[in-house]
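Undergrad: Can you read through this structure? Questions will come right after.
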Amino acid sequence: MKVYVKFDINALCRKILQEQLDASGINYRIIAFGEIEILDKLSAEKQRKLEEHLGEYGIQIVENQKNILVQKIKDAIVEMVNQEENQPSLKSSVYLAEKLNHSYNYISNLFSEVTYSSIESFIILQKIERAKQLILMNELTFTEISYKLNYCNVAHFSTQFKNTTGITPSAFQRIIKKRRELQVQEQMQNN
Amino acid sequence: MNNDLIHVCLADDDADDRLFFTEAFDSIKIKTAITVVNDGVELMDFLNNDENSKPHILFLDLNMPRKSGMECLSEIKQDSRFNNIAVAIYSTSASDRDIEDAFVKGANVYIRKPNDFEELKRILNEVIALNWQYHTSGLNRENFVLSI
């Protein structure tokens, strides 16, 4: 039997952070997605242990100021793209500038400097990744997915998918399906 | 990313192609450390030696003597030690079917090798920047598929 799961990234991260911080006996306050205030002084040993435990979940503590802001930009974009309903109708540049309290010009330049890719291409990448998840869940048609992700029509969605990945949405769907079948076959052979 | 070095491994039996790729890697903005191996057998020896740190991304020539790119791909995909390595396959010519087959067998990237140096630089830059996003932005690597 195969089951597919879907998850709420925000809730998942919050829960893991709470569990790990509680287990380390640290007083803390979760301020926002990806931002935690530590209320007492953290010894180097405690911080090292915390980093190690969080690392197992792929969670890293971000150090320098530029990287912190880049991480906030990424988090804001991920949050924006993953909203279930009511994707912001504002232009994403306006949305991000308001959310992060900096001019769009500033965050856009900083983002390119640190990550070697533009905010625009990161947004497209995140949208296409979200589209891939939705395609693999098999609940929505391509047309439904394109409206959910704010594309004006399915043709525009398919074109951007092809431009980003080099393959069409239906080829992607077929490839992952075949890949999963192949993995199942190999597991059966190995057992 | 500005201070991080991307570890790249390149497997190609053709000396000219190795030079073509390593020069392109050296001239892109993103800093890479390259390990070069001469064929598929050498590649698997390198990967199987746990003393060597695992590359972030592997560039594999499809046509190599002794062990082809596809054979390496299958071995890599069946070993959980290599789960975090992205695999980019390249060849001079490819039908849509070859490309789809490589993806089904677990390749992340399929590159149709250009003859033009500037074009190769553009492609490598894009592949490495994208792989880095998968590495650092919590994206699901299983869905990383790029045909370029």
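Undergrad: I'd like the full set of residues that are more than 25 Å from A:I73 (Cβ to Cβ) and surrounded by 14 or more Cβ atoms within 10 Å (Cβ to Cβ), limited to the stretch A:19-46.
TA: A:S24, A:I26, A:L42, A:K46
Undergrad: Can you name the residue in the stretch B:91-129 that is of a type in the set (K, R) and part of a helix (DSSP H, G or I) and, of all such residues, is farthest from B:I28 (Cα to Cα)?
TA: B:R97
Undergrad: Which of (1) within 29 Å of A:K127 (Cβ to Cβ); (2) surrounded by fewer than 19 Cβ atoms within 10 Å (Cβ to Cβ) does B:Q78 not meet, given it meets every other one?
TA: (1)
Undergrad: Would you pick out the residues in the stretch B:1-40 that are outside any loop (DSSP other than H, G, I, E, B), in contact with a Leu (Cβ under 6 Å, 6 or more places away or on another chain) and within 24 Å of A:N64 (Cα to Cα)?
TA: B:A33
Undergrad: Which number in (1) within 12 Å of chain A (Cβ to nearest Cβ); (2) crowded, with 18+ Cβ neighbours inside 10 Å; (3) closer than 25 Å to B:F46 by Cα marks the one condition that B:A86 misses?
TA: Of the numbered conditions (1) within 12 Å of chain A (Cβ to nearest Cβ); (2) crowded, with 18+ Cβ neighbours inside 10 Å; (3) closer than 25 Å to B:F46 by Cα, the odd one out for B:A86 is (1).
Undergrad: Out of B:E118, B:E42, B:E71, B:E100, which single residue is more than 13 Å from chain A (Cβ to nearest Cβ) and without any contact (Cβ under 8 Å) to a residue 12 or more places away in the chain?
TA: B:E118
Undergrad: Among the residues of the stretch B:58-104, count how many are out of contact with any strand residue (DSSP E or B) (no Cβ under 9 Å at 6 or more places or on another chain) and aliphatic (A, V, I, L, M).
TA: 1
Undergrad: Please state which one of A:V78, A:V94, A:V114, A:V154 is more than 10 Å from chain B (Cβ to nearest Cβ) and surrounded by 15 or more Cβ atoms within 10 Å (Cβ to Cβ). Write out each step before concluding.
TA: Working: A:V78 fails: more than 10 Å from chain B (Cβ to nearest Cβ); A:V94 fails: surrounded by 15 or more Cβ atoms within 10 Å (Cβ to Cβ); A:V114 fails: more than 10 Å from chain B (Cβ to nearest Cβ).
Going through A:V78, A:V94, A:V114, A:V154 in turn, just one is more than 10 Å from chain B (Cβ to nearest Cβ) and surrounded by 15 or more Cβ atoms within 10 Å (Cβ to Cβ): A:V154.
Undergrad: Could you list, in sequence order, all residues of the stretch B:25-60 that are surrounded by 16 or more Cβ atoms within 10 Å (Cβ to Cβ), under 14 Å from the mean Cα position of the chain (by Cα) and aliphatic (A, V, I, L, M)?
TA: B:I34, B:V36, B:V37, B:L43, B:M44, B:L47, B:I57, B:L58, B:L60
Undergrad: Which residues, taken from the stretch A:101-112, are free of Cβ contacts under 8 Å to residues at least 40 places away in the same chain and in a helix (DSSP H, G or I)?
TA: Those that are free of Cβ contacts under 8 Å to residues at least 40 places away in the same chain and in a helix (DSSP H, G or I): A:Y104, A:N105, A:Y106, A:I107, A:S108, A:N109, A:S112.
Undergrad: I've got another one for you. Please tell me if B:F59 is hydrophobic (A, V, I, L, M, F, W, C) and either outside any strand (DSSP E or B) or within 14 Å of chain A (Cβ to nearest Cβ) (or both).
TA: no
Undergrad: Kindly evaluate A:Y4 against the criterion of being away from chain B (no Cβ under 14 Å) and either of a type in the set (S, T, Y) or on the phi > 0 side of the Ramachandran plot (or both).
TA: no
Undergrad: Of the numbered conditions (1) exposed (fewer than 13 other Cβ atoms within 10 Å of the Cβ); (2) within 21 Å of B:G138 (Cα to Cα), A:E139 satisfies every one except a single condition; which is it?
TA: Condition not satisfied by A:E139: (2).
Undergrad: Let me ask another. Give the residue that is surrounded by the most Cβ atoms within 10 Å (Cβ to Cβ), with candidates limited to residues of the stretch B:135-144 that are assigned to a helix (DSSP H, G or I) and within 9 Å of chain A (Cβ to nearest Cβ).
TA: First, the residues of the stretch B:135-144 that are assigned to a helix (DSSP H, G or I): B:135-136, B:141-143.
The next check asks that each one be within 9 Å of chain A (Cβ to nearest Cβ); those that pass are B:136, B:142-143.
Working: B:T136: 16, B:E142: 15, B:N143: 18.
Top of the filtered list is B:N143.
Undergrad: Still on this structure, I have one more. Does B:Y110 satisfy the condition of being crowded, with 18+ Cβ neighbours inside 10 Å and within 10 Å of another protein chain (Cβ to nearest Cβ)? Please lay out each step first, then the result.
TA: Values: crowded, with 18+ Cβ neighbours inside 10 Å: yes; within 10 Å of another protein chain (Cβ to nearest Cβ): yes.
Yes.
Taken together, the values in this text are just the output of simple stated rules run on the coordinates, not laboratory data. Fair warning: this is a prediction, and the values are worked out from it, not measured in the lab. Cβ sites come from the backbone with ideal geometry, for glycine too, and all protein chains shown count toward neighbours.
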